[in-house]
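Since every read-out is calculated from the coordinates, none of them should be taken as a lab result. Source: prediction; values computed, not measured. Counting neighbours? That spans all protein chains shown, and the Cβs are built from the backbone with ideal geometry, glycine included.
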Amino acid sequence: MDAKSDRADRLRGEAGNPALHPVMTDTAPPTAAEADDGGTEQNASGTPDDEDDVLIDTTVSTGGDGGSTVRSDTVIESRNLEVHYGDEQALKPTTMEIPERRVTAIIGPSGCGKSTFLRCINRMNDLIDGCTVDGELRFRGKNVYDEDVDPVALRRTIGMVFQKPNPFPKSIKENVAYGLEVQDMDVDVDAAVEKALKRAALWDEVKDQLDSSGLDLSGGQQQRLCIARAIAPDPEVILMDEPASALDPVATSKVEDLIEELSEDYTVVVVTHNMQQAARISDKTAVFLTGGELVEFDDTQTIFENPNDDRVEDYITGKFG
Amino acid sequence: MARESYQEKLDDLRDDVLYMSELVLERLRDGLDALDRKDEELARTVIEGDHEINQLYLDLEQDCIDLLALQQPVAGDLRFIASSFKVITDLERIGDLATNLAGYAEDADQDRYPDVDVQSLGDAVIAMVEDAMMAYAEEDTDACFDISDRDDEIDELCERASQTVVRDLIEREVGPDPPQSEIEAIMQDVSRLLLTIRDLERVGDHAVNISARTLYMVESDDELIY
């Protein structure tokens, strides 16, 4: 079974290991410590308790052929999603569809709501006091803000990598294995660590020093270590919030190459201030502008060659924002 | 500050492309005048001045490369630079065609085929280039389509002119035993005139290319490119 179908089965609740099922649970929300960018990877604690409950149905009816089903190309869909921090609106009603196993870039000036939108996808905004979310954020058709969705289980399926590399003060191996262990995943840890480090294009550089501290690595290596940690539990979606903004050009290039490779197996949503980076690595680009408004969402080529909205043209050519 | 400098560079590129077009059009007119008057001195000026156009082309090409490499333009700016990059190539080729016309001037014999009005044809294609560059300067997409339509007429005129020359050659009576020198003179006149017609037709084609790139530059519409 390949990685994709394996993950699909997990979501459908058909995989053999119930511990891997991101099911609906009454698990307590993440601790306050997890609200910190530096400490919250894709997974926190929480153990699923019912393998028959399915978080999200991965299939949709085509309706035109007597009810056969196909995999939807859209994996994440927002419907009039809006966010307030207290009385302040951070994100205006936003509707967009994020395709599966593609890189979707979110660009826009500071304070435009792009990170807010990203954090809605795996409910990281739950951890912010005074944050209210309205509308729907559907992951494989299921609104992740429904009461029966466990955010911890959700974050197991939708991982996250942050702007600043944030390895734990542990060994390289322990960093990668952390997500597996806290989730009590019954897997061969050594094999899973190697697999994740290889996928993160870091294995060759660290295979002889797995017991060294993750903090001893360079900035670029630390960020790839964090990516390895994010993908070790084999999520479906990886959210990245300016993953290369703290890196030098060489490390940035490696992370960009890695993002492209990851998109073969994962859906990647990346927030970036670097428009050329968005142009280089993404298939789709969403442009948010001041006030939390999604102004345009289209193929990246269209956005950067012939945007529809004059405000987008002005923004990406540096005349505005 | 950096963005102001970038915008200035874009404005400079536009101005320089328009300056290059004025230079090329001047050489094209001079080439035609030299041909019309068999003015060897003017022809020499056109031929020797071609290096100036070539150098300007290389300079502007470098400007485009610098803008692409250093400013990483997108959207309208990208289309403007990419289109300008192509337009200067067309202008450089028109400059080469002007030197061709000048090169025919010394030996041209306009009297042998009075029915072929090279000057009118030349005026028509010069007007096309002028209008194409005006469309580029003013981002006039209607003019782009108009120029494309006019090129069809030019093609037809050129074909008719070529047929006139060939038909005359076939029907010409040179007697049973014409001197070799007369045969060679006729052949050179014919091939020179046919080349002149072909060169003018190509000037029209370059005007259409400029229009096509202008349309793409303004509206991201590649209809005239293909």
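Table for the structure above
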| read-out | value |
| --- | --- |
| Of the GluC sites (Glu not before Pro) in segment A:85-184, those whose Cβ has at most 13 other Cβ within 10 Å and which sit in DSSP loop | A:E147 |
| Cα centroid separation - segment A:110-164 against segment B:117-134, whole Å | 63 |
| For segment B:129-140, Karplus couplings with θ = phi - 60° (6.51, -1.76, 1.60), whole Hz, Gly/Pro x | 5, 4, 5, 5, 6, 5, 5, 4, 5, 9, 6, 9 |
| Over chain B, relative contact order from alpha-carbon pairs under 8 Å, at least 6 apart, % | 28 |
| Rg [Å, one decimal], Dmax [Å, integer] - segment B:2-219, C-alpha atoms | 20.0, 78 |
| Sequence-distant residues sharing a close amide H with A:Y145 (under 5 Å, placed H) | A:L137 |
| Inter-part distance where segment A:185-204 and segment B:27-66 are each reduced to a Cα centre, Å | 66 |
| Value of Rg/Rh across segment B:74-149 [Cα atoms, Kirkwood radius] | 1.11 |
| Sites A:D204 and B:L58 - FRET efficiency at Förster radius 45 Å, r taken between beta-carbons, to 0.05 | 0.50 |
| Filtered GluC sites (Glu not before Pro), segment B:99-196: DSSP coil and at most 13 other beta carbons within 10 Å | B:E106, B:E173 |
| Entries of A:K198/A:K254; A:K114/A:K284; B:K9/B:K86; A:K92/A:K164 with Cα pairs more than 22 Å apart | A:K92/A:K164 |
| For segment B:1-87, convex hull of alpha carbons as volume per residue, Å³ | 80 |
| Residue mean of other protein chain beta carbons inside 10 Å, A:298-305 | 2 |
| Set of lysines with alpha-carbon distance to B:K38 below 18 Å, sequence-local pairs under 8 removed | none |
| Extreme residue, positive dipole direction of segment B:63-152, given options B:A69, B:L121, B:L91 (C-beta unit charges) | B:A69 |
